[in-house]
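Some notes on the structure that comes next.
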Amino acid sequence: MSAKTMKSLQQDKEAYFTASQSQLIWAPVQETTCGMIAAGVLVFIIVIGILAPALSPYDPTIAGRDRDYLNGAPQIPQFCDKNGCSLRPFIHGVERTRSAETNFRWVEEPNEDIRHYIAFFVEGSEFDLFGVIPMDTHLFGLQGDEKMIHLFGTDSAGKDIFSRTLHAIFTSLQIGTLGVLISFVLALIIGGVSGYYGGRLDSVIQMVTDAVRTIPAIPLVMSVAAFVPTEWTSEQRFFMIAIILGLIGWPTLARRVRTHLLTERNQEYVLAAQLCGASSPHIIRRHLLPSFTSYIMSIWMISFPYMVLTETGPSFIGLGLKDPVNSLGVMLQNVTKADVLLNYQWYFIPVLFFVALVMAFVFVGDGLRDAADPYSDSKK
């Protein structure tokens, strides 16, 4: 073996033992193709959700409806047609007709003699970017105010499905984040106390944990929905659902935290911290919980799609969020109608984003779970 190879191996070994915990966690994920693709998809979906007001051309509520294009098909930008090519993307004008052959529903026929050019960074409806920056500039739109562009088509009320989808992603991400945050704080506190102190306190906490675990999410939301005042705003419903999901989502992680602390509380580094006069909360927060941070991160990633799915279920059956709030669950309500299945297949486009979001979280979480114990290969 050459000296250059020996030096390279020595550098790799030093880099391994001197790497931070975050570097050790991320390294195995980078080696998996599925994990990296899922991470890219996840980042993309999160970014378009956060920037939804600026990326979407119109208001996703009834205020941004297109009265002349109800249940309209998606409009695909193009550069060439029978009249030649253009450097600027455009869509054709649309003529809508009814006929007996289509059961008298609207049918769109493109008029290739009419072009509507797409412009970028156009002025439109006002919004607050990140909730604090007032703006009225949107990424794209049509030149002039007389026509509108609908990349994903429109619904029965004429609302732009593309704009609704981006806002729905952001709403579902908000609910999932708030629900996961509540459940993780409760799990770390309750599981940490139970595992560190043990004894009778542990028995009482585990009885409460088992009781909470038996509560089903959807029937609970159904019961709460029956008592929700009709005058509640959409924002109040939003926070109610997020809090409910957080309050019933902590037992599983709390049990795992407890199990880990039961085995770690008698280790030498814990005894050393106790002899140095460290308090119990300090030992739990600074020594025990960081000892399996990577595992907590992997469970957090896997729990996130569960929160999104739990929100989608009640909203899907009409017991969660409702219009004018746009969430993935609200948008999935429309795909159950037979008329949509037969004639308006573009209603399923938000379903694709929902599946991509859930699968991205699952694959990234799976990659983090494989890297949960980065020191496990040190003996090889």
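The values are calculated or read from the model by the stated rules, or taken from the named source; none is laboratory data. Keep in mind that this is a model prediction, so the values were computed, not measured. In this analysis, Cβ positions are derived from the backbone assuming ideal geometry, glycine residues included, and neighbour counts consider all displayed protein chains. The protein model used for the area step is the full one, side chains on, heavy atoms only, and it has no ligands, DNA or RNA in it. Shrake-Rupley method; radii C 1.70, N 1.55, O 1.52, S 1.80 Å.
Data table
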item: Options 156, 163, 172, 194; residue that is open to solvent by 60 Å² or more (accessible area, probe 1.4 Å) and touching a residue at least 12 places away in the same chain (Cβ under 8 Å); result: 156
item: Selection count where residues are closer than 15 Å to residue 154 by Cβ and under 19 Å from the mean Cα position of the chain (by Cα), scope segment 338-370; result: 3
item: Out of 314, 324, 350, sole residue that is modelled with pLDDT under 70 and touching a Ser or Thr at 6+ places or on another chain (Cβ under 7 Å); result: 324
item: Failed item, numbered, when residue 10 is tested on (1) at pLDDT below 85; (2) surrounded by 12 or more Cβ atoms within 10 Å (Cβ to Cβ); result: (2)
item: Candidate set from segment 15-74 (those that are at pLDDT 80 or above and aromatic (Phe, Trp, Tyr)); member that is surrounded by the fewest Cβ atoms within 10 Å (Cβ to Cβ); result: 44
item: Sole exception among (1) surrounded by fewer than 17 Cβ atoms within 10 Å (Cβ to Cβ); (2) at pLDDT 90 or above; (3) among the small types (Gly, Ala, Ser) for residue 84, by number; result: (2)
item: Those residues of segment 70-94 which are without any contact (Cβ under 8 Å) to a residue 24 or more places away in the chain and aliphatic (A, V, I, L, M), in sequence order; result: 87
item: Close pairs from segment 44-69: first under 28 Å from residue 361 (Cα atoms), partner open to solvent by less than 40 Å² (accessible area, probe 1.4 Å) and among the hydroxyl-bearing types (Ser, Thr, Tyr), Cβ under 6 Å, at least 6 apart; result: 56/163; 60/163
item: Unique residue being in a helix (DSSP H, G or I), at pLDDT below 75 and surrounded by 15 or more Cβ atoms within 10 Å (Cβ to Cβ) when the list is 303, 376, 294; result: 294
item: Counted residues, segment 265-284 - those being in contact (Cβ under 8 Å) with a residue 12 or more places away in the chain and open to solvent by 40 Å² or more (accessible area, probe 1.4 Å); result: 2
